[in-house]
1. Give me the pairs: first residue in the range 1-21 and within 16 Å of residue 47 (Cα to Cα), second residue part of a loop (DSSP other than H, G, I, E, B), beta-carbon distance under 6 Å, and six or more apart or on different chains, which are they?
2. Given the structure, is residue 79 open to solvent by 10 Å² or more (accessible area, probe 1.4 Å), within 16 Å of ligand 1 (Cβ to nearest atom), assigned by the TED database to the domain that holds residue 140 and at pLDDT 95 or above?
3. Name the single residue, out of those in the range 504-519 being out of contact with any strand residue (DSSP E or B) (no Cβ under 8 Å at 6 or more places or on another chain) and in a loop (DSSP other than H, G, I, E, B), that is least open to solvent (accessible area, probe 1.4 Å).
4. Return the residues of the range 48-73 that are in a loop (DSSP other than H, G, I, E, B) and small (Gly, Ala, Ser); say none if nothing qualifies.
5. Of the numbered conditions (1) assigned to a helix (DSSP H, G or I); (2) within 16 Å of ligand 2 (Cβ to nearest atom), residue 303 satisfies every one except a single condition; which is it?
6. Do we find a residue being outside any helix (DSSP H, G or I), within 16 Å of ligand 2 (Cβ to nearest atom) and surrounded by fewer than 19 Cβ atoms within 10 Å (Cβ to Cβ) anywhere in the range 340-359?
7. Could you count how many residues in the range 280-307 are touching a helix residue (DSSP H, G or I) at 6+ places or on another chain (Cβ under 8 Å), away from ligand 1 (no atom under 13 Å from the Cβ) and closer than 26 Å to residue 60 by Cβ?
8. Output the residue which, of all residues in the range 149-175 that are within 16 Å of ligand 1 (Cβ to nearest atom) and of a type in the set (S, T, N, Q), is farthest from residue 136 (Cα to Cα).
Amino acid sequence: MGKRAKRDIILLILLCQGMIFNERDQELRDLGYQKHAFNMLISNRLGYHRDVPDTRNAACKDKSYPVDLPVASVVICFYNEALSALLRTVHSVLDRTPAQLLHEIILVDDDSDFDDLKGELEEYVQKYLPGKIKVIRNTKREGLIRGRMIGAAHATGEVLVFLDSHCEVNVMWLQPLLAAIQQDQRTVVCPVIDIISADTLAYSSSPVVRGGFNWGLHFKWDLVPLSELGGPEGATAPIKSPTMAGGLFAMNRHYFNELGQYDSGMDIWGGENLEISFRIWMCGGRLFIIPCSRVGHIFRKRRPYGSPEGQDTMTHNSLRLAHVWLDEYKEQYFSLRPDLRTKSYGNISERVELRRKLGCKSFKWYLDNIYPEMQISGPNAKPQQPIFINRGPKRPKVLQRGRLYHLQTNKCLVAQGRPSQKGGLVVLKACDYSDPGQIWIYNEEHELVLNNLLCLDMSETRSSDPPRLMKCHGSGGSQQWTFGKSNRLYQVSAGQCLRVVDPLSHKGYVAMAICDGSSSQQWHLEG
Ligand code: UD2
Ligand code: MN
């Protein structure tokens with residue numbers, strides 16, 4: 001069968017899987033969105049086993065790994081997860097991991113409310129998954145950070161692998177992770193996180209990007225700098241990453257303990273990924289993304305749960321990490337969030353002591369050596385590497401020039417008002433071939449420049465905002481776009497795709513969304 005025909009059949013199957021035949025289906029679908037923020041109807045219909053497309057780079061397929069790799073304990077924390085998604089995560093691990101490398105799977109139930117996660121899960125595990133699966137029940141809600149520490153404390157494998165409870169691992173996912181750790185115990189590794197659509201549950205490949213952050217202490221994705229690419233191992237080489245996304249990584253278990261696990265004063269969700277990333281680099285470890293290891297994750301548009309008392313745990317946790325790890329650079333955070341200067345964050349003395357005991361380097365060292373691309377503003381700003389000061393007369397090379405077509409509607413992406421209006425929105429309008437104001441330039445810095453003037457920009461601090469036209473700043477991040485598979489226009493730091501909100505509406509609004517390859521997300525730049 002041809003590639004196209006195959007794809008069409010898969011699409012048809014996916015389409016049917018989402019079909020609603022009766023009221024019960026409708027109910028499941030609605031309830032699923034409410035409780036989990038993804039399509040539970042499809043998740044249930046998919047069942048616990050399915051093949052996923054092998055999204056690895058061709059060069060990965062020729063690689064072989066040592067046979068005597070260390071064994072892994074996979075730790076999966078869950079809170080109010082859809083049972084089908086949780087069990088598909090578990091089975092994907094069992095189905096695609098050599099048994100001799102899988103020491104155990106530890107499920108940590110973070111005091112979930114749903115009945116099926118109690119009795120039904122217990123029964124299923126006893127009946128179909130005896131032996132390697134342990135279920136641990138927290139007697140009160142701990143959050144994912146302490147939850148993972150509890151899971152790790154029960155683990156006995158040499159390597160810990162953490163996964164979210166709505167993942168599907170790809171073929172040969174574990175071996176490359178274990179091999180990197182075997183070579184160096186202080187190496188922490190992440191797979192590439194592929195995308196499972198929250199609406200269709202379709203599995204699609206992610207570009208290889210690496211982790212960064214902004215001064216709001218939000219994680220973001222960055223393109224891999226050219227200097228990090230092109231070693232002798234080519235596209236299969238580990239990629240040095242300043243930070244990790246948080247959910248999916250592997251680490252030697254003793255090293256996890258020695259490095260101080262996590263900050264147990266952090267609650268529920270948020271910030272722990274930057275904290276452990278800074279700690280790894282500053283205290284003598286290394287953090288890599290392994291392009292030959294791929295794991296799919298359901299990316300949701302909203303988090304379907306809150307914290308027990310409605311606290312903003314992301315802020316609480318970020319404050320703790322700022323006070324422990326950022327040194328004088330915490331000013332960068334506070335200048336964006338002056339309201340937090342005097343906010344209390346609990347006792348951090350143990351973590352400060354940990355930093356001293358481990359003899360960790362300064363945050364300045366981290367920025368200079370691990371994340372020199374990071375921009376520093378305000379009174380501390382010093383003359384920067386040339387890339388951040390105004391580019392001056394040197395303009396980045398133009399790769400392409402033309403109109404930006406939306407394939408489904410045959411319209412063009414243009415400025416809503418004047419193309420020179422800073423902060424203006426972009427919308428779809430009828431293409432006008434006489435109007436130079438509709439011409440985009442795509443350059444080697446991955447910027448999209450309209451009318452030779454302003455850059456398409458996705459503000460980093462408020463990711464729910466639509467993209468706008470802003471002065472080109474030349475420092476990547478929010479202004480980096482790539483054209484990817486199925487005509488997607490991918491915003492690198494947000495890790496999302498540009499889509500048309502309502503293809504039938506004449507307003508032509510666009511927004512960022514999780515990439516799903518749908519026709520509302522297909523673009524083409526042509527001259
Ligand atoms: C990302 C990470 C996530 C975590 C988070 C920051 C990925 C793919 N995901 O958010 O792992 O690092 O950033 O904190 O990198 N959970 C509990 N108890 C709770 C809340 C959540 O056990 O109180 C579980 C939840 O069921 C899930 C995991 O923790 O399995 C992560 O939560 P999420 O999926 O809501 O986080 P996500 O992917 O938005
Ligand atoms: Mn998740």
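The values are calculated or read from the model by the stated rules, or taken from the named source; none is laboratory data. Only a predicted model underlies this, so the values are computations on that prediction, with no experimental measurement involved. No Cβ is skipped: glycine too gets one built from the backbone with ideal geometry, and neighbour counts run over all protein chains shown. Note: areas computed on protein heavy atoms with side chains; ligands, DNA, RNA excluded. Shrake-Rupley method; radii C 1.70, N 1.55, O 1.52, S 1.80 Å.
1. 14/200; 14/202
2. Values: open to solvent by 10 Å² or more (accessible area, probe 1.4 Å): yes; within 16 Å of ligand 1 (Cβ to nearest atom): yes; assigned by the TED database to the domain that holds residue 140: yes; at pLDDT 95 or above: yes.
It is true that residue 79 is open to solvent by 10 Å² or more (accessible area, probe 1.4 Å), within 16 Å of ligand 1 (Cβ to nearest atom), assigned by the TED database to the domain that holds residue 140 and at pLDDT 95 or above.
3. Residues of the range 504-519 that are out of contact with any strand residue (DSSP E or B) (no Cβ under 8 Å at 6 or more places or on another chain), as a first pass: 504-506, 519.
Those left that are additionally in a loop (DSSP other than H, G, I, E, B): 504-506.
Working: 504: 164, 505: 34, 506: 153 Å².
The qualifying residue least open to solvent (accessible area, probe 1.4 Å) is 505.
4. Pass one, the range 48-73, residues in a loop (DSSP other than H, G, I, E, B): 48-57, 63-71.
Hit for the range 48-73 is 64, nothing else.
5. (1)
6. Filtering the range 340-359 down to residues outside any helix (DSSP H, G or I) leaves 341-348, 358-359.
Now drop any that are not within 16 Å of ligand 2 (Cβ to nearest atom), which leaves none.
No, there is no match, as no residue in the range 340-359 is outside any helix (DSSP H, G or I), within 16 Å of ligand 2 (Cβ to nearest atom) and surrounded by fewer than 19 Cβ atoms within 10 Å (Cβ to Cβ).
7. First pass over the range 280-307, keeping only residues touching a helix residue (DSSP H, G or I) at 6+ places or on another chain (Cβ under 8 Å): 281-283, 285-288, 290-293, 298, 300, 304, 307.
Subset that is away from ligand 1 (no atom under 13 Å from the Cβ): 281-283, 285-288, 290-293.
Those still in the list that are closer than 26 Å to residue 60 by Cβ too: 281, 285-288, 290-293.
Counting residues in the range 280-307 that are touching a helix residue (DSSP H, G or I) at 6+ places or on another chain (Cβ under 8 Å), away from ligand 1 (no atom under 13 Å from the Cβ) and closer than 26 Å to residue 60 by Cβ gives 9.
8. Among those that are within 16 Å of ligand 1 (Cβ to nearest atom) and of a type in the set (S, T, N, Q), it is 170.
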